[in-house]
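A.B. asks: Would you mind keeping the following structure in view while I ask a few things?
The values are calculated or read from the model by the stated rules, or taken from the named source; none is laboratory data. No experiment lies behind these values; they were computed from the predicted model shown. Positions of Cβ are generated from backbone atoms using ideal geometry, with glycine treated the same way; all protein chains shown enter the neighbour counts. These area figures cover heavy atoms from the full protein model, side chains too; ligands, DNA and RNA do not enter into them. Shrake-Rupley method; radii C 1.70, N 1.55, O 1.52, S 1.80 Å.
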Amino acid sequence: MINILLVIIGSIAYGFIPIFTKNVISYSYSSLSIVFYRYFIASIALFFIIIFTKKSFKVSKRQLLDLFIFSILGLGLTYFLLSESLFYISAGLSNMIHFGYPIVVILIMTTVYKERLDKFKILSSISTIIGIILLTTEVKIESYLGVVYSLLTTITYSIYIISNKQSSFSTLDTIVSLFYMSIIISIVFLLLAIYKNSFQLLNNINVLYNFIGISILCTVFSLGLLLYGVKKLGSSLASILNMFEPTTTVLVSTLFYDEKLTIKIIFGSIFILLSTIFIILSNKYKVK
C-alpha cells in the first residue's frame with residue numbers, strides 16, 4: 001500500500017508543473033528563461049544525487065550526441081511548447097491535450113519501427129482523437145495558438161519517449177541521462193534566451209519558489225517516486241497511477257484559478273485517460 005501511495009504522490013507532484021509554470025508566466029518571464037531555470041536547477045540537484053548514490057557519469061561520444069539531439073528535440077522543446085501554450089489556454093486543458101501523446105507514439109512505432117498494431121492501440125488512438133476533439137472545441141478561436149502548442153508537445157514528447165527505448169543512451173541509468181539532458185537543455189535555452197534578448201534574471205523570491213517547485217518537486221522528486229514505483233509495482237500499475245498527473249492539473253486549475261470545468265472538458269479528459277489505459281492493456285497482453 002505504501003508503494004502505491006508513493007507513486008500517487010509522485011504523479012500528483014508532476015501534475016503541478018503547469019500550475020507552477022503559469023505562476024511564473026504571470027511575472028512576465030519568457031518561455032526560454034523558464035525552460036533554462038527549470039533544467040538548470042534540476043541539473044544541480046541531479047548532480048548531487050548521482051554523487052551521493054555513487055552512480056557513474058561515464059557516457060560514450062555516441063551517447064552524448066544522442067543525448068544532445070533528443071534532449072533538445074524531445075524534453076526541452078516539449079516544456080518550451082507547454083510554457084508557450086499557457087499564455088493562451090488553461091493549465092488543465094494544456095496538460096490534458098499533451099496527454100494525448102500515446103497516439104503519436106503508436107503512429108511512429110507502427111510506421112517506422114513496424115510494431116504490431118493491436119486492438120488496444122486502435123482503441124487508444126480512437127479515444128485520444130475523440131478526447132482532443134472534445135477538449136479543443138471548448139477553446140475560443142483567439143486561443144487556438146495555445147491548442148497548437150499543446151498538440152505539438154504530443155510530437156516532441158513522443159520523440160523523447162521513443163528515444164529512451166531506441167537510442168544509444170537507452171542503457172544509461174535514468175537519473176544520469178536526465179542529468180546530461182538537463183545540462184544540455186539549460187545551456188542551449190540560455191543561449192537562445194540571450195540571443196532573443198528574452199533572458200530574465202531570477203530576482204523575485206516568489207518566482208524562485210515556483211522554480212524550486214518545478215525543478216525539485218515536479219522533476220527530481222516525482223521522477224524518483226515514479227521510478228521507485230516501476231521497480232516495486234511494475235510498469236503497468238505505475239502507469240495507471242501516473243494518470244493522477246493530468247487529473248491533478250485539471251482539479252487544481254479549477255479549484256484555485258477559477259478555470260471553467262465544462263461537460264466537454266470532463267468527457268474529453270475521460271477519453272484521454274482511457275487512451276492511456278488501452279496502451280497499458282496493450283503492453284500487458286504483449287508481455288504475456
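A.B. asks: Taking Ile187 and the conditions (1) modelled with pLDDT of 95 or more; (2) buried (at least 18 other Cβ atoms within 10 Å of the Cβ), which numbered condition does it fall short on, given that it satisfies the others?
C.D. replies: So the condition that Ile187 fails would be (2).
A.B. asks: Moving to a separate point now. Can you name the helices (runs of 4 or more DSSP H) wholly within segment 1-91 that have at least 2 residues being of a type in the set (Lys, Arg), closer than 21 Å to Tyr180 by Cβ and open to solvent by 10 Å² or more (accessible area, probe 1.4 Å)?
C.D. replies: 61-70
A.B. asks: Scan segment 65-111 for residues that are in contact with an Asp or Glu (Cβ under 7 Å, 6 or more places away or on another chain) and touching a residue at least 60 places away in the same chain (Cβ under 8 Å) and jot them down.
C.D. replies: Once the filter is applied, which keeps residues that are in contact with an Asp or Glu (Cβ under 7 Å, 6 or more places away or on another chain) and touching a residue at least 60 places away in the same chain (Cβ under 8 Å), segment 65-111 yields Ser90, Gly92.
A.B. asks: Can you confirm whether segment 152-163 contains a residue that is in contact with a Leu (Cβ under 8 Å, 6 or more places away or on another chain) and farther than 22 Å from Arg38 by Cα?
C.D. replies: No.
A.B. asks: Among the numbered criteria (1) within 26 Å of Phe199 (Cα to Cα); (2) under 17 Å from the mean Cα position of the chain (by Cα), which single criterion is violated by Ile44?
C.D. replies: (2)
A.B. asks: May I ask you to verify whether Glu259 is at pLDDT below 85, within 16 Å of the chain's Cα centre (by Cα), open to solvent by less than 40 Å² (accessible area, probe 1.4 Å) and within 21 Å of Ser83 (Cβ to Cβ)?
C.D. replies: In short, no.
Results for (1) modelled with pLDDT of 90 or more; (2) in contact with a helix residue (DSSP H, G or I) (Cβ under 9 Å, 6 or more places away or on another chain); (3) among the hydrophobic types (A, V, I, L, M, F, W, C), shown as yes or no for each residue.
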{"position": "Ile9", "(1), (2), (3)": "no, yes, yes"}
{"position": "Pro18", "(1), (2), (3)": "yes, yes, no"}
{"position": "Ser30", "(1), (2), (3)": "yes, yes, no"}
{"position": "Ile41", "(1), (2), (3)": "yes, yes, yes"}
{"position": "Phe52", "(1), (2), (3)": "yes, no, yes"}
{"position": "Ile72", "(1), (2), (3)": "yes, yes, yes"}
{"position": "Gly92", "(1), (2), (3)": "no, yes, no"}
{"position": "Phe99", "(1), (2), (3)": "no, yes, yes"}
{"position": "Ile103", "(1), (2), (3)": "no, yes, yes"}
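A.B. asks: Criterion first (at pLDDT below 80, over 21 Å from Thr137 (Cβ atoms) and open to solvent by less than 50 Å² (accessible area, probe 1.4 Å)) does Leu281 satisfy it?
C.D. replies: When the stated conditions are applied, Leu281 does not pass them.
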